[in-house]
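The values are calculated or read from the model by the stated rules, or taken from the named source; none is laboratory data. It should be emphasised that the depicted structure is a prediction, and the values quoted were computed from it without experimental measurement. Heads up, the Cβs are rebuilt from the backbone with ideal geometry, glycines too, and the neighbour counts pull from every protein chain shown. Surface areas here come from the heavy atoms of the whole protein model, side chains and all, with no ligands, DNA or RNA. Shrake-Rupley method; radii C 1.70, N 1.55, O 1.52, S 1.80 Å.
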Amino acid sequence: MTTIAAPLALMAELTHRCPLQCPYCSNPLELLKAGAERDTKFWLGVIDEAAALGVLQIHFSGGEPALRQDLPQLVEHATARGLYANLITSAVTLDESKLSTLAQAGLAHVQISFQGARPQTADRIGNYRGGHEKKLQMARLVTQLGMSLTVNAVVHRQNLEELPAMIDMALELDADRLEIAHVQYHGWALKNRAALMPDRAAFEAADAIVAQKRQALRGKLTFDYVVPDYYARAPKTCMGGWGQKTLNITPDGRVLPCHAAETIPGLTFDRAGTTPLAKIWFEGQAFNAFRGTAWMQEPCASCDMKTIDFGGCRCQALALAGDARATDPVCHLSPLHQQILEMAETESMADERDFVYRRI
Amino acid sequence: MDPSKIPALRRGIRRQYDSARHAHVLLGPERVIVLDDIAVEITNLLDGTRTLADISSTLAEKFAADIAQVQPDVTAFIEELIEKGLATA
Ligand code: SF4
Ligand code: SF4
């Protein structure tokens, strides 16, 4: 076994509570209620352990992390321990005083999700009236307070035509970074796939727009683009490799290699606060289950790409092939690839427009 | 890049020493960049008052090197930071 490097990033899912109800939320279908959440002391301890382990970035996430009253305290503690503090937020519960408290506490970067470019579209997708306008206001404050701003735009069939307008919106907001992410079909998104899947022509048009704008805006706006992998030839690299860069802690304190890892049967998740974080990272059963390449089946096992993409997404392999060790079926070398592509194309033609909204 | 431009780290970008990896790092949104010794010297001078030409000549002097050799390397590094969204000019 090769040596395991220290993790770079910690995703701290402080809560599953959220005022929005996006139908593609990456949280599990079984959401945790407020009573299951861990207290401030727990998270302060996690931060200490993560810093000692070598983590450099902490992402306060959820649900909506700003619903936690202790967020400024956690940000301050993380910053004092040398962690770069990121807030992943819907922004609708923020206001000027909360944001400036967070900035003073050391928050470096705020990522705000946008559900579209037009208020009508965005508010329908998030199922929250007035949300879009509030997000715009908070985004302006983020940069005024000297923090880095990411506009996060999740795109799918029902808002893809607004992509150029979303890029203009990011520019108008003076964002530092724009993350355009096609929906990844896990959790709620898998449930809503027929209402979200774009058709192939729309996705190719989107690709071309992103390629052109990314080039034109070099040095001004940083683009991160997550492709829709059902239409890709190769799967995406799972978080830089399973158990290689990131730890994810759920609101109730379980430590996962990936936010969707709970869907995979046979994995055991240790609890932070009970087991030392370093032990979980280096020795935990779930972290070692898909580390490296020894667990792979064909065609991955003898493929040159295996140390680049690590066979794609384990959760997707499970969801689509019924086996978490299988080659991710979005890969063109998977025996299921053609079937998946056809299914995506069929679903993209569906007239389904209604969403199953995320609910606790 | 014009030598009279004044490069600076972009808002929200931080530089610090990482004791776990025994190196200076630049941290930004979804970005971790481990700096080598030269990169540390250059980023030390990204204080928002020096021009690219100043930075190059300061380093040339410090390392008793020819400015004609130093400037292209400094420029390339700073352009890379700008491209990655970590600096502005
Ligand atoms: S066969 Fe496996 S390793 Fe090769 S490209 Fe496909 S998913 Fe990646
Ligand atoms: S296993 Fe899949 S869902 Fe989990 S992080 Fe990797 S790519 Fe994402």
### Task
Looking only at segment A:113-143, count how many residues are open to solvent by 30 Å² or more (accessible area, probe 1.4 Å), in contact (Cβ under 8 Å) with a residue 40 or more places away in the chain and either in contact with a helix residue (DSSP H, G or I) (Cβ under 7 Å, 6 or more places away or on another chain) or within 13 Å of A:Ala153 (Cα to Cα) (or both).
1
### Task
Could you please find all residues in segment A:317-360 being surrounded by 15 or more Cβ atoms within 10 Å (Cβ to Cβ), within 12 Å of ligand 1 (Cβ to nearest atom) and not aliphatic (A, V, I, L, M)?
A:Arg325, A:Thr327, A:Asp328, A:Pro329, A:Cys331, A:Ser334, A:His337
### Message
Let me spell it out: the conditions are (1) out of contact with any helix residue (DSSP H, G or I) (no Cβ under 9 Å at 6 or more places or on another chain); (2) closer than 28 Å to A:Gln115 by Cα; (3) within 13 Å of another protein chain (Cβ to nearest Cβ), and A:Glu37 meets all of them except one. Which number is the exception?
### Response
(3)
### Task
Kindly indicate whether A:Ile112 is farther than 24 Å from A:Gln244 by Cα and more than 14 Å from every other protein chain (Cβ to nearest Cβ).
no
### Summary
Of A:Thr237, A:Thr263, A:Thr274, A:Thr268, the only residue that is under 19 Å from A:Tyr185 (Cα atoms) and open to solvent by 60 Å² or more (accessible area, probe 1.4 Å) is A:Thr263
### Query
Of all residues in segment A:185-222, which are open to solvent by less than 50 Å² (accessible area, probe 1.4 Å) and either modelled with pLDDT under 85 or of a type in the set (Lys, Arg) (or both)?
A:Tyr185, A:His186, A:Gly187, A:Trp188, A:Ala189, A:Asn192, A:Arg193, A:Ala194, A:Ala195, A:Leu196, A:Met197, A:Pro198
### Task
Please specify each residue of segment A:302-316 satisfying the condition of being under 20 Å from A:Gln184 (Cβ atoms), open to solvent by less than 60 Å² (accessible area, probe 1.4 Å) and out of contact with any helix residue (DSSP H, G or I) (no Cβ under 7 Å at 6 or more places or on another chain).
A:Asp309, A:Phe310, A:Gly312, A:Cys313, A:Arg314, A:Gln316
### Message
Consider segment A:238-250. How many of its residues are more than 14 Å from chain B (Cβ to nearest Cβ), within 11 Å of ligand 2 (Cβ to nearest atom) and farther than 15 Å from A:Gly54 by Cβ?
### Response
4
### Query
Can you spot a residue in segment A:209-228 that is more than 14 Å from every other protein chain (Cβ to nearest Cβ), of a type in the set (Lys, Arg) and under 17 Å from the mean Cα position of the chain (by Cα)?
no
### Checklist (1) open to solvent by less than 30 Å² (accessible area, probe 1.4 Å); (2) among the small types (Gly, Ala, Ser); (3) more than 11 Å from chain A (Cβ to nearest Cβ) applied to B:Ser4, failing item
(1)
#### Entry: Options B:Val25, B:Val34: the member that is surrounded by fewer than 19 Cβ atoms within 10 Å (Cβ to Cβ) and within 14 Å of chain A (Cβ to nearest Cβ)
B:Val34
### Query
Scanning segment A:1-18 for residues that are farther than 22 Å from A:Cys315 by Cα and out of contact with any helix residue (DSSP H, G or I) (no Cβ under 8 Å at 6 or more places or on another chain), which turns out most open to solvent (accessible area, probe 1.4 Å)?
A:Met1
### Task
Specify which of the listed residues (A:Ala170, A:Ala195) is touching a Lys or Arg at 6+ places or on another chain (Cβ under 9 Å), in a helix (DSSP H, G or I) and within 14 Å of chain B (Cβ to nearest Cβ).
A:Ala170
### Summary
Sole miss for A:Arg81 among (1) more than 14 Å from chain B (Cβ to nearest Cβ); (2) more than 22 Å from the chain's Cα centre (by Cα) is condition (1)
### Query
Within segment A:277-293, can one find any residue that is within 13 Å of ligand 2 (Cβ to nearest atom) and under 27 Å from A:Cys22 (Cβ atoms)?
yes
### Message
What are the pairs with Cβ atoms under 7 angstrom where one residue, in segment A:303-316, is more than 14 Å from chain B (Cβ to nearest Cβ) and more than 7 Å from ligand 1 (Cβ to nearest atom) and the other, located anywhere, is part of a helix (DSSP H, G or I) and open to solvent by 30 Å² or more (accessible area, probe 1.4 Å)? Sequence gap at least six, or different chains.
### Response
A:Cys315/A:Thr263
